[in-house]
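Working notes, beginning with the structure itself.
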Amino acid sequence: MSTGGRVGDPRDAFDREAFGLDGRVAALTGGGSGIGKATALTLARAGASIVVADIDEAGAQNTADEITAAGGTASVVRTDVTNRADIDALVDTTMERHGRLDVMGNIAGVPYNNMVSDTPDDDLEKILAINLKGVWYGCQAAMRVMVPQGSGSIINLSSGAIDTPAPTLALYGMTKAAVAQLTKVLAMEAGRSGIRVNALAPGIIETNFSRQHFVDEEGEVDPERLEKYRKNFGRMAPLQRVGTPQDVANAIWWLVSDASGFVTGQIERPNGGVAMPW
Ligand SMILES: NC(=O)c1ccc[n+]([C@@H]2O[C@H](COP(=O)([O-])OP(=O)(O)OC[C@H]3O[C@@H](n4cnc5c(N)ncnc54)[C@H](O)[C@@H]3O)[C@@H](O)[C@H]2O)c1
């Protein structure tokens, strides 16, 4: 069924299989927890083979086990995204195991809250290394194999912190703003090779990342604090709730599928409507 437009162009037709990922291969950093884990499970259910990369090898193995138990294909490469050699090895191992790389998800990241005046240099280096250089290395490593392949989709995790500046969020927010800009410029450079590059700027998502808001002194989830966290952060959004890892994974699924085949250089916002930039 044609939807109008260019006559005879096979892309100009409704295709209910456009979300299918059969035969695709995805490498996902941060795949051992939260958004990365939900993304791994989601892309696997859509048909993709997954290479789960995380500094937390046990977490990554857990994700891979869940995928294989459900009948999917997954394996693990322990990866510290601050180490270029680790990221290169992740991409090389993915190519050895599967012969291609369709999706590179640069998802690993850590929170950081501190006033600019109080932030020590060690913290500056550490947060830049994980949240920014890790994504940079991931983009470069993916390009190395996607350009000759002539296709691919790169996904970077930015953050809603770029939309809503707040005290203590300078360092975290500046890494995420840089990731957004990297995404746009790389989309310009990669488009002619058939590679799409997009980023996510999620709002508040309930994961280990925001754990400090809802655990007790022993680090165990405190149901009362959890309820408060959901209520207080939830009411900031027009949709009146905090997000789930699945909310973000669904957006990533769309972004890596053929259903978003004309979308590149975009910052998508699964944020419950908390910010609505042009
Ligand atoms: N949760 C939120 O509210 C939220 C909002 C906006 C953006 N984000 C971004 O989403 C991404 C995923 O966060 P999440 O909420 O799923 O958190 P999470 O803590 O549940 O997961 C992060 C994962 O990254 C891994 N990781 C940390 N340092 C690493 C390193 N050096 N090398 C490899 N892996 C490393 C951790 O082991 C963990 O498995 C992050 O980039 C975060 O900044 C989160």
**Prompt:** Only one of Ala190, Ala180 is within 25 Å of Val116 (Cβ to Cβ) and modelled with pLDDT of 95 or more; which?
**Reply:** Ala180
**Item:** Whichever residue in region 11-35 is away from the ligand (no atom under 16 Å from the Cβ) and part of a strand (DSSP E or B) and, among such residues, is surrounded by the fewest Cβ atoms within 10 Å (Cβ to Cβ)
**Value:** Ala13
**Message:** So His213 ticks every box in (1) open to solvent by less than 50 Å² (accessible area, probe 1.4 Å); (2) at pLDDT below 95 but one. Which box is left unticked?
**Reply:** (1)
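Rundown of residues vs (1) within 12 Å of the ligand (Cβ to nearest atom); (2) closer than 30 Å to Ala18 by Cβ, yes/no style:
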site	(1), (2)
Leu169	yes, no
Ala190	no, yes
Ser193	no, yes
Arg196	no, yes
Ser210	yes, no
Asp222	no, no
Arg225	no, no
Lys228	no, no
Ile252	yes, yes
**Message:** open to solvent by 40 Å² or more (accessible area, probe 1.4 Å), without any contact (Cβ under 8 Å) to a residue 60 or more places away in the chain, under 23 Å from Ala58 (Cβ atoms) and not basic (Lys, Arg): which single residue out of Ala89, Ala74 fits that description?
**Reply:** Ala89
**Asked** Condition test on Ile162, is it open to solvent by 20 Å² or more (accessible area, probe 1.4 Å) and among the aliphatic types (A, V, I, L, M)?
**Response** yes
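Being of a type in the set (Phe, Trp, Tyr), open to solvent by 40 Å² or more (accessible area, probe 1.4 Å) and not in a loop (DSSP other than H, G, I, E, B), is that true of even one residue in region 136-150?
Taking every residue of region 136-150 in turn, at least one turns out to be of a type in the set (Phe, Trp, Tyr), open to solvent by 40 Å² or more (accessible area, probe 1.4 Å) and not in a loop (DSSP other than H, G, I, E, B).
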**Request:** Would you check which residues across region 227-278 are out of contact with any Lys or Arg (no Cβ under 8 Å at 6 or more places or on another chain) and polar (S, T, N, Q) and list them?
**Result:** Asn232, Gln240, Thr244, Gln246, Asn250, Ser257, Gln266, Asn271
**Message:** Cβ-Cβ distance below 8 Å, separation of 6 or more or different chains: which pairs start in region 238-258 with a residue that is open to solvent by 30 Å² or more (accessible area, probe 1.4 Å) and end on one that is assigned to a helix (DSSP H, G or I) and more than 14 Å from the ligand (Cβ to nearest atom)?
**Reply:** Trp253/Leu43; Trp254/Ser260
**Request:** Spot the failing condition for Leu239; the list is (1) within 26 Å of Thr119 (Cβ to Cβ); (2) in a loop (DSSP other than H, G, I, E, B); (3) of a type in the set (A, V, I, L, M, F, W, C), and only one is missed.
**Result:** (1)
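The values are calculated or read from the model by the stated rules, or taken from the named source; none is laboratory data. This is a predicted model, so every value here is computed, not measured. Methodologically, a virtual Cβ is constructed for each residue, glycine included, from the backbone with ideal geometry; neighbour enumeration extends over all protein chains shown. All accessible areas refer to the heavy atoms of the entire protein, side chains included, with ligands and DNA or RNA removed. Shrake-Rupley method; radii C 1.70, N 1.55, O 1.52, S 1.80 Å.
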